[in-house]
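Right, one structure below, let's go through it.
The values are calculated or read from the model by the stated rules, or taken from the named source; none is laboratory data. Remember, predicted model here, so these are calculated numbers, not experimental data. A quick note on method: Cβ atoms are made from the backbone with ideal geometry, for glycine too, and the neighbour counts reach across all protein chains shown. The accessibility values were calculated without ligands, DNA or RNA, using every heavy atom of the protein model including side chains. Shrake-Rupley method; radii C 1.70, N 1.55, O 1.52, S 1.80 Å.
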Amino acid sequence: MLPQHRTAIEALRRRYEADENVLALIVVGSVARGDAGPKSDVDAHLVVTDAEHARRVERGELGFVADDLVPGVHVGGGIVDMAFLSDAAERGPEPTRYAFVKALPVFSRVASLDALLSRIPVYPEAERDWKMARAWLRCELG
């Protein structure tokens with residue numbers, strides 16, 4: 001991990017760890033996977049309580065930007081609840097699953113978070129034939 005990304009993640013942790021509405025901070029994407037370059041963004045999810053998520057949905061605030069943390073490093077991501085993570089593990093599309101490859105929980109108040117995160121990037125092999133047939137049918141029907 002590059003120094004500017006490590007610095008940004010530490011600053012994110014300091015900013016959100018004390019907020020009782022934030023259950024976890026998860027870094028995803030290229031920084032978490034270890035293939036980020038010098039100009040890569042730091043992509044993260046703030047996992048919030050159900051009540052906080054409902055407030056955010058009502059206000060249309062399901063994302064955050066923290067570009068003030070490290071000059072020249074874009075930092076931001078989504079505001080999600082535990083239901084989002086559970087849904088991603090059960091039926092997430094491939095782009096969501098890929099985003100969570102090597103997801104890095106920076107802090108967590110959720111005991112089962114590591115186990116849940118390990119399930120998200122796993123491709124549901126049992127669905128492969130069905131998905132392939134569906135994709136083929138869409139191509140045929142135009």
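The sole residue among VAL75, VAL110 that is under 22 Å from SER40 (Cα atoms) and either hydrophobic (A, V, I, L, M, F, W, C) or at pLDDT below 90 (or both) is VAL75. How many of the residues in the range 90-117 are part of a helix (DSSP H, G or I), among the charged types (D, E, K, R) and under 11 Å from the mean Cα position of the chain (by Cα)? So the answer is 1.
Residue by residue, here is whether (1) touching a Leu at 6+ places or on another chain (Cβ under 6 Å); (2) small (Gly, Ala, Ser) holds:
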site: ARG91; (1), (2): no, no
site: THR96; (1), (2): no, no
site: ALA99; (1), (2): no, yes
site: ALA103; (1), (2): yes, yes
site: VAL106; (1), (2): yes, no
site: SER112; (1), (2): no, yes
site: ALA115; (1), (2): no, yes
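Of the residues ASP68, ASP43, ASP87, the single one that is charged (D, E, K, R) and assigned to a loop (DSSP other than H, G, I, E, B) is ASP68. The residues on offer are ALA36, ALA18, and the sole one that is hydrophobic (A, V, I, L, M, F, W, C), surrounded by fewer than 14 Cβ atoms within 10 Å (Cβ to Cβ) and in a loop (DSSP other than H, G, I, E, B) is ALA18. In this structure, does ALA11 turn out to be open to solvent by 40 Å² or more (accessible area, probe 1.4 Å), at pLDDT 95 or above and part of a helix (DSSP H, G or I)? No.
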